[in-house]
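Worksheet: one structure, shown below.
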Amino acid sequence: MGHNRVITMPIETTKKQGRRLSYAGQEALAGYVFAAPWLLHLLLLTLIPLTASFYFSFCEYQIVKAPVFWGLRNYITLFTNDRLFLKSLWNTLYMVLVGVPIRMVLGMAIALLMNTKVKGRALYRTMYYLPSQVSGVAFAMLWGFLLNPQFGVVSNALWGLGIKPPLWLADPDWVKPSFILMGLWGVGGSMIVWLAGLQAIPEVFYEAAEIDGAGRLRRFLSITLPLLSPTTFFVMTTSIIGTFQIFTQAYVLTAGGPADASLFYALYLYQQAFQFFKMGYASAMAWVLFVIIMGLTLLQLRLARSWVYYEAVR
């Protein structure tokens, strides 16, 4: 028969363990203290406003009066009785469907050029990247001058080539292409991301393909594009989200005109909130925008399984 043995720990050992736990607690407390500013920022400037906005979206709220709850009326009005809401949504979708692919193709093309071994490429990279750091208002004012139909540099250049320039920002048919042209100014930001993706591709793949007789086009289609798919996915997702929030250029240059052709979603939301003081209605618009962006992002994440190759990069 076995004997039950009672294992006792020395008092000194238990004191040491208790001291270790207290040290761990002190470290955890220090971590929370250092993270406190960020946590307060998250609570006061993100979570509380987010919750308040969700509640106001179901209210009639005009700032000067207390909010009055009236259910889904704001959302029903948006989709059934607001022509400008649908117009602003279409204007923004146009920028996403047309502008984003153009910027992506140009950004990748510049990155491919900047990835070649040319003298002074560090300077060229800097020159392409710097314009993307110009502030929104200064950027809009600069392009307002460049696209001026009377004395703008772009219009004068077209006149010099014997081409009659359009009215650009004053023409409903050309105002959105003008904003797409402006967006190409900041393509250096995505160029840096593409360049990082290109430099992460091992050279051994290109060397093996070259030995097998693959030309430049075949190497680009069979090696570069597949291995750049994670970068492509990142650039596409962030570009779509950013384009849905386009605001500064339209606010500074056109205020939504002419004929509401540049009334983008974020600009119309701003007008409802801060010009007409319809905070409840603007909150409903903000949540519709959130649902649209979230839905598109989740759709991209699901479709990415069929064309994004993370394993191949390892």
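The values are calculated or read from the model by the stated rules, or taken from the named source; none is laboratory data. Given the structure is predicted, the values throughout are model-derived calculations rather than measurements. Quick reminder, even Gly has a Cβ in these numbers, built from the backbone with ideal geometry, and neighbours come from all protein chains shown.
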Cβ-Cβ under 6 Å pairs, at least 6 apart or on other chains, the stretch 48-71 side of a type in the set (D, E), far side surrounded by 11 or more Cβ atoms within 10 Å (Cβ to Cβ) and assigned to a loop (DSSP other than H, G, I, E, B): E60/W70
Enumeration of residues in the stretch 169-192 that are free of Cβ contacts under 8 Å to residues at least 60 places away in the same chain and either among the aliphatic types (A, V, I, L, M) or over 30 Å from P258 (Cβ atoms) (or both): L181
Filter result (in a helix (DSSP H, G or I), in contact (Cβ under 8 Å) with a residue 12 or more places away in the chain and under 15 Å from F56 (Cα atoms)) within the stretch 266-288: L269, Q272, M279, G280, Y281, A282, S283, A284, M285, A286, W287, V288
Single condition F274 does not satisfy, out of (1) surrounded by 15 or more Cβ atoms within 10 Å (Cβ to Cβ); (2) at pLDDT below 95; (3) farther than 30 Å from A196 by Cβ; (4) among the hydrophobic types (A, V, I, L, M, F, W, C): (1)
Options L221, L299, L263: the member that is in contact with a helix residue (DSSP H, G or I) (Cβ under 6 Å, 6 or more places away or on another chain) and either assigned to a helix (DSSP H, G or I) or at pLDDT 95 or above (or both): L263
Residue ranges of helices (runs of 4 or more DSSP H) in the stretch 107-174 with at least 1 members surrounded by fewer than 17 Cβ atoms within 10 Å (Cβ to Cβ) and within 27 Å of the chain's Cα centre (by Cα): 121-129, 136-146
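What are the residues in the stretch 189-208 that are within 18 Å of R219 (Cβ to Cβ) and part of a helix (DSSP H, G or I), if any?
Result: W194, L195, G197, L198, Q199, E203, V204, F205, Y206, E207, A208.
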Residue under evaluation G197, criteria (1) in contact (Cβ under 8 Å) with a residue 24 or more places away in the chain; (2) closer than 30 Å to N91 by Cα; (3) buried (at least 17 other Cβ atoms within 10 Å of the Cβ), criterion not met: (2)
Hey, M141 under 22 Å from N91 (Cβ atoms) and modelled with pLDDT of 90 or more or not: yes
Subset of the stretch 175-189 (residues that are touching a Gly at 6+ places or on another chain (Cβ under 6 Å), under 13 Å from I246 (Cα atoms) and surrounded by 19 or more Cβ atoms within 10 Å (Cβ to Cβ)): G183
Top-ranked residue of the stretch 46-88 - restricted to ones that are loosely packed, with under 11 Cβ neighbours inside 10 Å and among the charged types (D, E, K, R), ranked as nearest to F247 (Cα to Cα): R83
